[in-house]
């Protein structure tokens with residue numbers, strides 16, 4: 001078996017008495033789109049935070065392309081090639097759309113500018129490059145955050161609820177973009193509540209409930225899984 | 001526009017360079033003070049205006065520089081220009097030692113830690129009497145160097161302002177601003193925020209350190225309460241908030257306007273001036289938290305380099 005893009009072994013994280021992630025293991029093969037679903041409070045965002053180093057895990061291991069990354073600082077993990085977006089938008093409001101992307105770069109300024117403009121064109125925001133990110137609409141900010149994450153050309157992309165609050169047209173563009181990134185060989189893991197999005201996009205879906213992985217499989221199989229139905233709708 | 005501005009700037013600098021030849025003694029001393037405030041406010045702006053880490057004890061670097069410079073001049077017999085540079089270095093060393101642990105603190109905790117640092121330094125300086133003269137102060141050999149110090153302080157003020165311009169127009173400066181805007185997002189994008197904060201902090205300590213050593217030489221006598229006063233930190237903060245934090249010219253505008261109005265009010269209404277200064281602080285915070293240039297910048301969509 002080839003090296004996994006991301007491998008998590010027995011990850012555990014608690015906040016005080018709350019066990020947010022309880023011994024989760026999962027494996028992402030390179031070049032595929034994965035979904036992570038589960039009811040509110042099931043530990044999805046905490047899992048993201050543990051992968052990207054924002055939270056320190058209590059137990060367990062995280063390997064990125066076969067190398068352990070647990071214990072590294074968030075910026076070190078980002079530099080290794082893991083990009084993420086946040087559930088709540090985190091653009092830099094008093095920086096322009098273009099500056100939001102430029103901050104990530106170092107070295108050759110002209111090349112950085114070209115890449116930033118290319119990415120803004122990619123999401124049709126080139127005309128708003130000089131606008132403060134805080135003045136853009138919610139959906140536009142979401143796109144800025146999305147392409148800003150791509151500036152470092154990450155090989156693993158974690159998206160936390162990309163569809164939330166985005167209109168259909170914009171969403172279809174975004175989903176197309178995600179597919180194109182997958183076609184370039186990147187691995188994508190997304191948290192999403194919109195089942196249509198998950199079913200239409202993901203090749204494999206993990207289901208979390210109360211911090212534990214209760215199911216894993218193709219979207220079709222997941223929809224039929226009794227434990228999943230129980231977690232969402234109750235017995 | 002840019003041309004007219006550069007022309008006006010050139011004329012102003014030339015006038016300031018010639019001023020000691022025809023100005024009054026009082027005028028030169030007052031202008032020297034304005035230079036000092038520009039250097040101090042501009043330095044505070046580098047750490048607090050750009051990264052949002054509010055330093056409530058920035059005068060600690062001024063005091064550290066003042067004592068380092070004064071000790072070298074009074075006890076070792078160094079010349080004041082060399083001692084002033086060492087004053088800047090001493091402040092940077094202090095910033096390194098203090099910044100490493102304290103810049104991990106967020107929001108009010110960092111502000112309070114810096115306030116504490118200033119009090120600790122003042123106590124330490126009072127305690128080591130053999131070196132610092134303790135509470136009774138430290139006298140420097142008599143020397144009238146006001147005019148050379150005027151020029152050096154002027155260069156310092158210009159250097160801090162130029163440094164601010166260079167930082168704000170660079171991607172390094174943008175990264176410092178991302179710390180102010182959203183530190184978590186900055187980290188997730190691969191920005192080493194701890195290192196960036198420390199660099200900004202070091203850069204913001206050098207100016208006050210040099211200014212402290214120059215002031216010690218100019219005044220000829222320092223004591224703990226004269227170089228570590230909390231009021232000085234507050235004045236720096238108010239100047240930057242008034243002029244516009246995170247801009248290039250905000251600290252300059254704030255320093256000039258507040259110093260001049262303070263002198264004017266001080267002379268006419270000695271009892272009212274504290275009250276008026278307090279009223280200015282309240283008015284700025286309530287009515288224009290972005291400061292004069294911040295408001296103009298937003299209203300007329302001016303670049304950050306104003």
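Every read-out reported here was derived from the displayed coordinates using simple, explicitly stated rules and does not represent laboratory data. Every value quoted in this text rests on a predicted model; they were computed, and no experiment measured them. So basically every Cβ, Gly included, is an ideal-geometry build from the backbone, and we count neighbours across all protein chains shown.
Given that compact globular proteins tend to follow 2.2 N^0.38 Å, what is the ratio of the alpha-carbon Rg of the stretch B:24-229 to that value? Walk me through the intermediate numbers first.
Details: Rg = 17.2 Å, N = 206, 2.2 N^0.38 = 16.7 Å.
After normalising by residue count via 2.2 N^0.38 Å, the value is 1.04.
Centre-to-centre separation between the Cα atoms of the stretch B:114-181 and those of the stretch A:193-209: 57 Å.
For the stretch A:6-233, a/c is not less than 1.5, where a ≥ b ≥ c are the root eigenvalues of the C-alpha gyration tensor, and a/b tops b/c. That puts it in the prolate class.
Among rounded, prolate and oblate, which fits the protein assembly as shown when a ≥ b ≥ c are the square roots of the eigenvalues of its C-alpha gyration tensor, a/c under 1.5 means rounded, and a/b larger than b/c means prolate?
Details: a/c = 2.79, a/b = 2.10, b/c = 1.33.
In terms of gyration-tensor shape, prolate.
Which shape class applies to the stretch B:1-144: rounded if a/c is under 1.5, otherwise prolate when a/b exceeds b/c and oblate if not, where a ≥ b ≥ c are the square roots of the Cα gyration tensor eigenvalues? Here the stretch B:1-144 falls in the oblate category. For peptide B:177-185, the mean count of partner chain Cβ atoms within 10 Å of a residue's Cβ comes to 6. Ordering of A:121-134, B:49-62 by packing is B:49-62, A:121-134, highest average first (other Cβ atoms within 10 Å, averaged per residue).
What ranking do A:226, B:187 get, fewest neighbouring Cβ atoms within 10 angstrom at the top?
On the way: A:226 9, B:187 23.
Neighbour counts put them in this order, fewest first: A:226, B:187.
When only alpha carbons are used to place a centre, the stretch B:201-222 and the stretch A:217-235 end up 69 Å from one another. Summarising the label geometry, the points placed 7 Å from Cα in the beta-carbon direction at residue B:287 and residue B:257 lie 1.0 nm from one another. On the basis of the beta-carbon distance and an R0 of 51 Å, residue B:19 and residue A:203 show a calculated FRET efficiency of 0.10. In terms of the mean number of neighbouring beta-carbon atoms within 10 Å, the peptides B:157-169, B:234-246, B:21-33 order highest first as B:234-246, B:157-169, B:21-33.
Provide the gained length on full extension for the span residue A:121 to residue A:153, in nm with one decimal, where the gain is 0.36 nm per separating residue minus the Cα-Cα distance. Let's see the in-between values first.
Details: separation 32, 0.36 × 32 = 11.52 nm, distance 1.61 nm.
The span from residue A:121 to residue A:153 would gain 9.9 nm if fully extended.
Counting other C-beta atoms within 10 Å, which of B:281, A:77 has the fewest, and how do the rest follow?
Working: B:281 16, A:77 25.
By the 10 Å Cβ count, ascending: B:281, A:77.
For the stretch B:218-256, the residues whose amide N sits under 19 Å from a probe point set 7 Å from the Cα of residue B:129 along the beta carbon direction are B:222-226.
Take A:61, B:180 and order them by how many other Cβ atoms sit within 10 Å, fewest up front. Listed from fewest to most nearby Cβ atoms, that is A:61, B:180. GNM remark for chain B: springs join alpha carbons under 10 Å apart, and the peak mean-square fluctuation among B:199, B:67, B:150 falls on B:199. Look at the stretch A:140-151: the mean tally of other chain Cβ atoms within 10 Å of its residues' Cβ atoms is 1. Normalised by the number of residues in the stretch A:6-233, the mean separation of alpha-carbon contacts (under 8 Å, six or more apart) gives a relative contact order of 29 percent.
The relative contact order of chain B, computed from alpha carbon pairs under 8 Å that lie at least 6 residues apart in sequence, is 30 percent. When you restrict to C-alpha pairs under 8 Å that are six or more residues apart and normalise by the size of the stretch B:27-176, the relative contact order lands at 36 percent.
Comparing mean-square fluctuations of B:204, B:126, B:43 from a GNM of chain B with C-alpha springs under 10 Å, the top value falls on B:126. With a Förster radius of 30 Å applied to the C-beta separation of residue A:135 and residue B:93, the computed FRET efficiency comes to 0.10.
Look at where the Cα atoms of the stretch A:1-52 and of the stretch B:271-306 average out, and the two centres are 48 Å apart.
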